[in-house]
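Inspection log for the structure reproduced underneath, given as structure tokens.
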Amino acid sequence: MKVCIIGNGLAALTLANVLIKKDIYVDIFSAKNFFLYDRSRTLGISKSNIHYFKKKILDIDKILWKIKDIKVYTEKDYKKEILKFGNKNDQIFSIIRNYQLQKLLIQKLKKSKFTKFKNNFDVERNKYKLIINSDPAHPLIKKFFSKKIEKNYNSMAYTTTIIHKKIKNHTAFQNFTKIGPIAFLPISDTETSIVYSLKSNKRKGDFEMNNLVKKYNPIYSIKKINNWYSFKLKFSSLRNYYKGNILAFGDTLHRVHPLAGQGFNMSLRDIKILSDLIDEKVKLGLELDSSLCKDFQKQSQSKNFIFLSGIDWIYELFNLENKTDFNLLTKSINFIGNIKFVNTILKNFADSGIR
């Protein structure tokens, strides 16, 4: 069996690694800037997805930084936590540098006889029975996957890393400020990643962003703030996941606000579903073709949309409160979040998504 994957993002490379472990040949069509990756970008991986990664894909322990507590608060009352997610004995989730994960995934693929890297995918001349496209900029997206549910947040996400004095750095901070949520995500005892989602389409300069970091800095003695990178924020969900034997995947399927760090986690849950469906096909001696695309959409689309809507709802709730002088919402969330079984539900939602 052979599968075509278009794209070189983390979702595509992770899926390719899953397929070669099943002895499925994979042709990966990638862009020329294959090895260029923004080194300021980090991602959070939930505890359940880390377990899946280590069991089914590869061991990523050496590039993980474990987060054992998350402090969530608002600018109105930055001393009072809204929700408590602490787990002193174990990790809640982990932070990974994007480029380090990409490097490990590529290394494993290059060592496998089941992988080939290629360029210039020709839609008209291809002979693949299954094509998985995870490249949002590929012409196939415009041709077959233009219908989607979209929402423009009229916001920009800014990412950087800060170097600071050494501390026990296993607590993440999320502050819902009046101009957007800012997250401080530890990646070592001396370095922390920052993601700030600002409600403006106009790009801010490094000097202005540095001042905002200093203003909302929760605990760090900062030595250096590295260069900033930015991108526009949108909510999107495809109405149709496939066209014939072409399956959209990764960021082409869905985009979510980064406030909860769920983008790559959603893709990993999609990979689990697709992997199980492939196992069923192989067990029955069936081809991997358009029927797999149909089954995948049936099992994943409604769950993904509910999860996307949930993250968007959280963003809009805090956005609404920051526009007013009332803090009833914060008090309500704080009260509800302190109820043990509700807190457990929220943790499971963040960790495993919609089951």
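The values are calculated or read from the model by the stated rules, or taken from the named source; none is laboratory data. Nothing here was measured: the structure is a model prediction, and the numbers come from that model. Using ideal geometry, Cβ is built from the backbone for each residue, glycine included, and neighbour counts are taken over all protein chains shown. With ligands, DNA and RNA removed, areas are computed over all heavy atoms of the protein, side chains included. Shrake-Rupley method; radii C 1.70, N 1.55, O 1.52, S 1.80 Å.
So which of LYS178/LYS214; LYS129/LYS294; LYS66/LYS272 end up more than 19 Å apart by C-alpha?
Over 19 Å apart, Cα to Cα: LYS66/LYS272.
Heavy atoms of the protein chains alone define the surface here; on that basis the stretch 118-167 has 60 Å² accessible area per residue at 1.4 Å probe size. The shape of the stretch 113-204 comes out oblate: with a ≥ b ≥ c from the C-alpha gyration tensor, a/c is at least 1.5 while a/b does not beat b/c.
The simple spin-label model puts a point 7 Å past each Cα toward its Cβ; for LYS110 and HIS51 those points are separated by 3.4 nm.
Across the protein chains, with a 1.4 Å probe defining accessible surface, the residues SER30, SER146 rank SER146, SER30 from largest area downward.
For a Förster distance of 30 Å, can you work out the FRET efficiency between the beta-carbons of ASP23 and THR190, rounded to the nearest 0.05?
Working: r = 43 Å, r/R0 = 1.42.
Result of the calculation: an efficiency of 0.10.
Rounded to the nearest 0.05, what FRET efficiency do ARG203 and LEU286 give with R0 = 45 Å and r taken as the Cβ-Cβ distance? Could you check? For R0 = 45 Å, the calculated efficiency reads 0.35. When each of the peptides 282-290, 101-109, 58-66 is scored by how many other beta carbons lie within 10 Å of its residues on average, the order from highest to lowest is 101-109, 58-66, 282-290.
Calculate, for the stretch 265-304, the solvent-accessible area per residue in square angstrom, rolling a 1.4 angstrom probe over the heavy atoms of the protein chains. Result: 47 Å² of accessible area for each residue. Describe numerically, in nm with one decimal, the distance between label points set 7 Å from Cα along Cα→Cβ at GLU150 and at LYS2. Simple spin-label model gives 3.5 nm for this pair. Cross-link reach is defined here as a Cα-Cα straight distance under 19 Å, omitting same-chain residues fewer than 8 places apart; for LYS62 the lysines meeting it are LYS47, LYS54, LYS103, LYS108, LYS168. Measuring with a 1.4 angstrom probe and ignoring ligands and nucleic acids, ARG269 comes out at about 30 Å² accessible.
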